[in-house]
Amino acid sequence: MLRAVMYIETDNASLQLPTNSLQGLSSDIFFHLVPIKDTVGGEVVEQRIQNDPLIVKSSSNTADFRLVGRPMTIETNMSSRPVTVVLPIRETNLTQKELDKLQVFIEHSDGTKELVKGKIVNLMELINRKLSLKLPSSAHFP
């Protein structure tokens, strides 16, 4: 039996929707991917992350947490269904130790926040390193 997966590919994120996430949908779905491209917006997001209680609780030194990559807002009406989000890692001078420690700070639309450790995936024979995350619902990626 062929198991299809739906892929949505952009410069700023890729989404992979497994068959079971698409089964039983009663209406059209949408994804709205919005990168925060301006420097000021990125600095605001980085400051918000540095001051967030989840980050403060996770480390004795919040300077250990810094913004790597482009902050994203991902909106969808497809909640409570698994989606794999693949984010590009544009910073090429990260050490293996830094890559091993990469996490994504997620602010969900319901107000909950979490730090998610992804898995480094190498696409196109190491030309583009990306971070893959399996997420159960929509999220805001600062």
Being surrounded by 13 or more Cβ atoms within 10 Å (Cβ to Cβ), at pLDDT below 85 and either under 16 Å from the mean Cα position of the chain (by Cα) or more than 14 Å from Leu15 (Cβ to Cβ) (or both) is true for just one of Leu54, Leu87. Which residue is that? Leu54
Subset of region 65-124, residues touching a residue at least 40 places away in the same chain (Cβ under 8 Å) and hydroxyl-bearing (Ser, Thr, Tyr), comes to Thr73, Thr76, Ser79, Ser80, Thr84
Quick one: how many residues across region 98-118 are closer than 21 Å to Ser80 by Cα, of a type outside the set (Gly, Ala, Ser) and surrounded by 12 or more Cβ atoms within 10 Å (Cβ to Cβ)? 9
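Let me confirm something: among Leu87, Leu94, Leu33, Leu102, which residue is touching a Ser or Thr at 6+ places or on another chain (Cβ under 6 Å) and not polar (S, T, N, Q)?
Numbers: Leu87 fails: touching a Ser or Thr at 6+ places or on another chain (Cβ under 6 Å); Leu94 fails: touching a Ser or Thr at 6+ places or on another chain (Cβ under 6 Å); Leu102 fails: touching a Ser or Thr at 6+ places or on another chain (Cβ under 6 Å).
Result of the check over Leu87, Leu94, Leu33, Leu102: Leu33.
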For residues that are open to solvent by 90 Å² or more (accessible area, probe 1.4 Å) and without any contact (Cβ under 8 Å) to a residue 12 or more places away in the chain, scanning just region 29-51, find the one that is nearest to Glu114 (Cα to Cα). Asn51
Within region 18-36, track down each residue that is more than 19 Å from Glu75 (Cβ to Cβ) and either assigned to a helix (DSSP H, G or I) or not small (Gly, Ala, Ser) (or both). Pro18, Thr19, Asn20, Gln23
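The values are calculated or read from the model by the stated rules, or taken from the named source; none is laboratory data. Just so it is clear, the structure is predicted and the values come from calculations on it, not from any experiment. Using ideal geometry, Cβ is built from the backbone for each residue, glycine included, and neighbour counts are taken over all protein chains shown. Each accessible area value is taken on the protein alone, full model and side chains, heavy atoms only, with ligands, DNA and RNA left out. Shrake-Rupley method; radii C 1.70, N 1.55, O 1.52, S 1.80 Å.
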